[in-house]
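Participant: Mind having a look at this structure? Questions to follow.
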Amino acid sequence: MVTKDAAEKAAQHLDDALKNFDPLTATNKQKGNLGEMASHNNMLKPKSVNGKNYNLKDLLGDPPTGLNDKIKKGIDGIYENTTPPPKFVIDEAKYGKSTLNQKTRSGPQMSDNWVKDRLEKQLGVDKADEVAHAHKEIVPTDKVTNGNYKPKHAQTYDDLGSPTSKNDWDANHIPIQP
């Protein structure tokens with residue numbers, strides 16, 4: 001379960017950053033850090049969708065805490081859902097109109113190869129294997145509107161990595177709210 005302390009710290013870091021953030025003069029690093037802080041803050045807030053509660057626990061524990069923090073390579077957020085499904089949420093935050101990088105050495109950001117390449121480095125072998133075989137939901141960044149998106153833009157995968165039908169989308173989708 002997410003501790004109240006972790007959620008409060010994430011909210012405080014975001015509030016502090018917003019006080020010092022000017023989008024007209026901010027560097028790309030500052031914009032990226034703000035996007036990651038906002039996403040992390042959102043992920044730690046308990047959610048209720050269609051009567052089902054979701055509570056996400058941060059597995060990385062190292063999100064940015066300030067606008068000028070050093071940029072970290074890898075997946076921005078990996079969360080375990082204490083009330084599955086889905087069992088895990090993998091988060092790649094973007095600021096403004098930024099999009100997923102399609103040309104990394106291991107393939108497009110959030111592709112299976114890109115995710116698998118980073119999981120072991122960030123979580124260790126055992127946990128990486130567990131996360132890699134969990135339910136996934138991939139949504140192109142440009143399809144997100146007001147923090148949410150429509151089912152036709154997402155492809156979901158079961159715990160074995162096989163594509164699922166769109167019929168189970170409502171049961172497995174956790175909406176992202178700003």
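Taken together, the values in this text are just the output of simple stated rules run on the coordinates, not laboratory data. The structure displayed is predicted, hence computed values, not measured ones. Cβ coordinates were reconstructed from backbone atoms using ideal geometry, including for glycine residues, and neighbour counts include every protein chain displayed.
Participant: Relative to the present Cα-Cα distance, how much length would full extension add between Gln12 and Thr83 at 0.36 nm per residue of separation?
Facilitator: 23.0 nm
Participant: Here are some pairs, Lys19/Lys103; Lys9/Lys73; Lys19/Lys94; Lys52/Lys72; which of them have Cα atoms lying more than 29 Å apart in this structure?
Facilitator: Over 29 Å apart, Cα to Cα: Lys19/Lys103; Lys52/Lys72.
Participant: With the crude spin-label approximation of a point 7 Å out along Cα→Cβ, what separation in nm comes out for Thr65 versus Thr25?
Facilitator: Those two pseudo-labels are separated by 2.6 nm.
Participant: Ok, one more. Extension gain Lys103-Asn55, at 0.36 nm per residue separation less the Cα-Cα distance, in nm?
Facilitator: So the chain would gain 14.0 nm between Lys103 and Asn55.
Participant: Run through region 52-112 and list the trypsin sites (Lys or Arg not before Pro) located in a DSSP loop whose Cβ has at most 12 other Cβ atoms within 10 Å.
Facilitator: Lys70, Lys73, Lys97, Lys103, Arg105
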